[in-house]
Every structure is written in C-alpha cells, then in structure tokens.
Amino acid sequence: MNLDASTGLSTDAAEQESPQAGAVPPASPDRAAEAGGTAKGSAAASSRTRAMARVALCIAIIAVSAWVTIPLGAVPVTLQIFAVAFAIVVLPPKECLAAIAGYELLGAVGLPVFSGMRGGIGVLLGPTGGYLWGYLVGAALALVVLAALRRALGVPMRDGRPVLKTSQVRQRNLAASIVASLAYVAVAYVCGWAWFMAVMHVGPLESFLATVAPFVIIDLVKVVAAALCAQAVLRAVR
C-alpha cells in the first residue's frame, strides 16, 4: 500500500473515493418517471386527436349522405342508412355514438345537414324526425349486438375494432356486421313508423306503407354495401 505524503491517505483509497473520469451519473428516478409520464401523455393526446378526426369524418359522411335525396312519397330516399351502418361497423362504440349524436346536434342548431339540406329542431320534430331519433337508438342497440356477435364468433378485437388477419375472421366479422346493421335498421323503422303515425295522425298501416314498405329492399342493399365498405376500411387502416 502506498501513502500520499500530502494527504496521508493511501493512493488506493484516493482512487476509490474519486469518481471515474468521463462517468455519466445515473438519471434520477424522478426524471425517469417524468419522461415516462410525458411520453404517455403525448400518446394519449395523439390517440384523442385521431379519435376526434374519425368522429368528425363520420359526421361529414352522414351529412353528405343526407344531401343525396330522392323524393319518394312522404319520406325521401337518402344514403343515411348506409352512412350510419358504416359508422357502426368501422368506429369503436363511443366514437360511433358521438358521431351520430354530433350530427343530430349540428342539425338541431340549424346547420343544413339533414335531408334536402335542411336544419333546425323543426326537422327533428317533423314527420320524418323519428328516423333521426331512431338512428341514435338503433345504433346503440346495434353496437351491443355487434359486440356480442364478434365475441361469440371469436373475432379478435384491439382498441374497439376487429383485427381481420384471416379470411375466416373476415367472413365472421362481415356476417356480424350485417346482422347488427339490420338490427339498427329495424329500430330506425320502428321509430320512424311510430313518429310519423303520431305526428301525421294516421293509422298504423298507412304509416307503414309510407315509412317502411318502400325502403326495405333498398335499405338491405345499403346495409350490405356499408358492411363491405367498412370491412375494407378496417383492413386498410391496420
């Protein structure tokens, strides 16, 4: 052991006490936690931004679909059934309901997003307003049915959306999507039929002939088309 004359300490002890040249002190636990929290916060903010963008896009799709109108008696033919069915299949449940509710709220305050480029609370309370209420109620039921069918058929899910990696899973998801969308359409029909009957003071059969019978075949085509389009979008964004 060597002694340092100036300090009286051994040179070995001095080497042990002095830090190694170029050594980087370890990061403090507080800083590491802060960095982790910042990363999680950024990821959460990015996820919320994407969700808001999806909701806004579906609101726009539903609004544009309402402008495609073909007069057919008391109730016009529009593409809203297609657009709402598409939202049911392609969006997570909360985003889907937010899109439909947001669309109806925009229309209620006067924006021309309803059929015929109309807006205002009067449309929601008018003869065809039952369909608009039925979209939201029917979508809520359809989302429950869709979740149950996907679970029963073994469709894997991630972030509220299906993972469509195999043809068998895609076929099962397509079948579940069509059945759930038909449940939504059935509820929309019931709401539209009952509301028209109450507002127009007509009988059940007359209301059925005006609000349901002319649209059954057309809406079946819309539902299948919406399910196919939604499945293609889900596969593309994964």
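The values are calculated or read from the model by the stated rules, or taken from the named source; none is laboratory data. The model shown is predicted, which means the values in this text are computed figures rather than measured ones. Here the Cβ is made from the backbone with ideal geometry for all residues, glycine too, and neighbour counts use every protein chain on show. Just so you know, the surface numbers come from the protein's heavy atoms only, side chains and all, with ligands and any DNA or RNA stripped out. Shrake-Rupley method; radii C 1.70, N 1.55, O 1.52, S 1.80 Å.
Mind checking which residues of segment 40-99 are touching an Asp or Glu at 6+ places or on another chain (Cβ under 6 Å) and more than 29 Å from GLY126 (Cβ to Cβ)?
ALA51, ARG54, listed by residue number.
For ALA99, indicate whether it is open to solvent by less than 30 Å² (accessible area, probe 1.4 Å), part of a helix (DSSP H, G or I) and over 18 Å from LEU182 (Cβ atoms). Spelling it out, ALA99 is indeed open to solvent by less than 30 Å² (accessible area, probe 1.4 Å), part of a helix (DSSP H, G or I) and over 18 Å from LEU182 (Cβ atoms).
What tally of residues in segment 139-148 results from selecting those that are over 14 Å from the mean Cα position of the chain (by Cα) and open to solvent by 50 Å² or more (accessible area, probe 1.4 Å)?
We begin by selecting, within segment 139-148, every residue over 14 Å from the mean Cα position of the chain (by Cα); these are 141, 145, 148.
Those still in the list that are open to solvent by 50 Å² or more (accessible area, probe 1.4 Å) too: 141.
So the answer is 1.
Quick one: count up the residues across segment 60-76 that are closer than 25 Å to ALA232 by Cα and in contact (Cβ under 8 Å) with a residue 40 or more places away in the chain. The total comes to 4.
In segment 168-185 there is no residue that is touching a residue at least 60 places away in the same chain (Cβ under 8 Å), open to solvent by 70 Å² or more (accessible area, probe 1.4 Å) and part of a helix (DSSP H, G or I).
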